[in-house]
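Working notes for the structure below.
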Amino acid sequence: SKLMALFEHPLYNIPIPEVTEKDKLFVVNPMEKFSLRSSGSDEWVSSSKAETLLLTGKTTYDTYPAWLKFHVGINRYELYPRQDPLMPTLLQDLAMQRIVSSVQKSGGTQLKLIMTFPNYGQALFKPMKQTRDQETPIDFFYFSDFERHNAEIAAFHLDRILDFRRIPPVSGRLVNITKEIRDITTDKKLAKTFFTSPAGNVCFYGECSYYCSTEHALCGKPDRLEGSMAALLPDKTLAKRRSWRSPWRRSYHKSKKAEWELNPNYCAQVRETPPYDRGHRLLDLIDMTVLDFLMGNMDRHHYETFEKFGNDTFLLHLDNGRGFGTHSRDEPSILAPLRQCCSIKKSTYLRLQLLATQPYRLSDLLREALATDPLAPVLAEPHLRALDRRLGKVLEVVGRCLAR
């Protein structure tokens with residue numbers, strides 16, 4: 001396994017700083033019982049009294065469902081550890097756990113559902129909108145593109161291979177529209193949008209600002225539909241997150257350009273603006289830029305951080321559905337932060353160089369990682385080959401910066 005060899009490489013075993021109590025998102029007494037309750041959100045509360053040890057000799061923590069262990073494990077430095085024994089269980093839960101509730105997620109431009117499991121874990125379901133081999137039409141603006149379920153799955157694995165570990169776990173899943181959405185939804189608005197197509201397939205379209213109409217309905221075969229299931233982060237009432245506008249955000253306008261597209265010295269003013277004027281925030285943003293360029297994702301207008309950790313923490317790489325839309329062309333403008341700032345973390349640069357070598361070829365690693373997903377093959381081969389080409393271009397940009 002190339003993947004196992006990669007994770008054993010010294011560059012993937014650089015220790016993170018010691019995690020103190022204040023570096024943990026939640027400080028948990030392993031003896032303390034958590035009561036889970038369904039309240040329309042993934043809410044969980046600590047009971048006031050610590051429980052005695054369970055008869056089996058296990059602590060109460062051992063009985064937590066995988067999603068709760070994932071939440072409890074989040075710290076200032078990483079969303080989940082490199083060698084995470086929990087990950088296979090969590091991915092399996094996303095793919096296999098019985099769905100007891102399906103409601104539409106409010107907000108956003110396209111249809112997404114929140115699925116709840118019997119153990120009160122929740123996942124964000126993005127349904128399949130186009131086939132693996134369909135490329136985004138060249139005349140589409142980036143902001144009118146579809147969100148792709150397979151891009152969410154591939155982005156999680158790519159983020160892990162790059163050793164960023166800033167995307168919550170995602171698994172593919174084949175969902176029964178009738179039994180796992182229509183028959184159990186309590187969402188009246190969603191329920192009104194189900195119909196049977198002339199071909200006899202069960203369809204629905206929900207309510208949203210784009211692509212929620214009968215012309216853009218999501219249809220099963222006859223009621224089976226592919227989608228991505230992403231583990232939700234802790235409820236915002238328990239762990240506040242802060243949303244940051246990206247300095248390299250696009251104009252989201254058909255003809256206007258953003259300031260960074262017009263000013264070649266734009267990075268100089270970013271470097272003087274908090275929170276980019278100190279710490280590693282700018283370097284973290286450039287990590288995200290590299291991830292986006294490899295995926296071809298132009299839609300990174302905001303990012304989030306956990307409020308508890310202030311400015312000294314990682315960025316969450318959420319919402320990656322507009323990646324992997326094209327393989328036949330690259331979008332150099334995505335690399336603007338790297339090109340304009342000429343800065344990159346040494347550890348990131350060394351890993352990128354490693355992933356360009358034959359034993360650890362990036363396309364081979366992602367192919368291997370995606371082979372275990374229930375919806376494999378997740379990406380068409382040309383997308384995997386494009387990764388190696390794009391990685392070469394990232395290294396070229398860094399090379400030019402070093403020469404300069």
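R389 fulfils the conditions (1) at pLDDT 95 or above; (2) surrounded by 15 or more Cβ atoms within 10 Å (Cβ to Cβ) except for a single criterion, (2).
Every residue, every condition in (1) at pLDDT below 95; (2) closer than 28 Å to L158 by Cβ, yes or no:
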position	(1), (2)
G57	yes, no
E78	no, yes
M87	no, yes
L90	no, yes
D93	no, yes
G107	yes, yes
P118	yes, no
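Can you name the residue in region 184-204 that is within 18 Å of Q110 (Cα to Cα) and in contact (Cβ under 8 Å) with a residue 60 or more places away in the chain and, of all such residues, is least open to solvent (accessible area, probe 1.4 Å)? Per the criteria, the residue is L190. Please work out if G321 is of a type outside the set (D, E, K, R), open to solvent by 40 Å² or more (accessible area, probe 1.4 Å) and in contact with an Asp or Glu (Cβ under 6 Å, 6 or more places away or on another chain). No.
Per the conditions (1) touching an Asp or Glu at 6+ places or on another chain (Cβ under 9 Å); (2) in a loop (DSSP other than H, G, I, E, B); (3) open to solvent by 10 Å² or more (accessible area, probe 1.4 Å), the sole criterion not satisfied by S333 is (2). For K189, the test of being at pLDDT 95 or above, farther than 20 Å from F70 by Cα and of a type outside the set (G, A, S) is failed.
Of the candidates E152, E207, the single residue that is within 27 Å of the chain's Cα centre (by Cα), modelled with pLDDT under 95 and open to solvent by 10 Å² or more (accessible area, probe 1.4 Å) is E207.
Here's a check for you: in region 330-371, which residue that is without any contact (Cβ under 8 Å) to a residue 12 or more places away in the chain and not hydrophobic (A, V, I, L, M, F, W, C) is nearest to W248 (Cα to Cα)? The extreme case among them is K346. In region 271-290, of all residues being free of Cβ contacts under 8 Å to residues at least 60 places away in the same chain and assigned to a loop (DSSP other than H, G, I, E, B), the one that is farthest from the chain's Cα centre (by Cα) corresponds to E272.
Scanning region 252-270 for residues that are under 18 Å from E331 (Cβ atoms), open to solvent by less than 70 Å² (accessible area, probe 1.4 Å) and not in a helix (DSSP H, G or I) returns Y252, A258.
Scanning region 211-236 for residues that are under 21 Å from L90 (Cβ atoms) and part of a strand (DSSP E or B), we see that the one that is most open to solvent (accessible area, probe 1.4 Å) is E226. The condition of being open to solvent by 40 Å² or more (accessible area, probe 1.4 Å) and either hydrophobic (A, V, I, L, M, F, W, C) or within 30 Å of T313 (Cβ to Cβ) (or both) holds for only one of Q83, Q122, Q110, that being Q83.
Pairs meeting the criteria (first residue in region 172-183 and closer than 15 Å to A376 by Cα and at pLDDT 95 or above, second residue of a type in the set (F, W, Y) and surrounded by fewer than 22 Cβ atoms within 10 Å (Cβ to Cβ), beta carbons under 7 Å, at least 6 apart or on different chains) are lacking.
The set of residues in region 336-352 being of a type outside the set (K, R) and farther than 24 Å from E381 by Cβ consists of A336, P337, L338, Q340, C341, C342, S343, I344, S347, T348, Y349, L350. Answer yes or no: is there a residue in region 350-365 that is open to solvent by 40 Å² or more (accessible area, probe 1.4 Å), modelled with pLDDT of 95 or more and among the β-branched types (V, I, T). Checking region 350-365: at least one residue is open to solvent by 40 Å² or more (accessible area, probe 1.4 Å), modelled with pLDDT of 95 or more and among the β-branched types (V, I, T). Screening region 349-404 for residues that are in a helix (DSSP H, G or I) and of a type in the set (D, E) and picking the one that is farthest from R148 (Cα to Cα) gives E396. Exactly one residue out of F324, F314 is within 14 Å of F156 (Cβ to Cβ) and among the aromatic types (F, W, Y), and it is F324. Filtered by the rule that a residue be open to solvent by less than 30 Å² (accessible area, probe 1.4 Å) and in a loop (DSSP other than H, G, I, E, B), region 293-309 gives G296, N297, D299, R300.
Looking at (1) surrounded by fewer than 14 Cβ atoms within 10 Å (Cβ to Cβ); (2) within 26 Å of the chain's Cα centre (by Cα); (3) modelled with pLDDT of 95 or more; (4) part of a loop (DSSP other than H, G, I, E, B), find the lone condition where S243 falls short. Of (1) surrounded by fewer than 14 Cβ atoms within 10 Å (Cβ to Cβ); (2) within 26 Å of the chain's Cα centre (by Cα); (3) modelled with pLDDT of 95 or more; (4) part of a loop (DSSP other than H, G, I, E, B), only one is false for S243: (4).
Per the listing E18, E32, the residue uniquely at pLDDT 65 or above and surrounded by 11 or more Cβ atoms within 10 Å (Cβ to Cβ) is E32.
The values are calculated or read from the model by the stated rules, or taken from the named source; none is laboratory data. Bear in mind the structure is a predicted one, so any value in this text is a computation, not a measurement. Virtual Cβ from ideal backbone geometry, glycine too; neighbours counted across all protein chains shown. All accessible areas refer to the heavy atoms of the entire protein, side chains included, with ligands and DNA or RNA removed. Shrake-Rupley method; radii C 1.70, N 1.55, O 1.52, S 1.80 Å.
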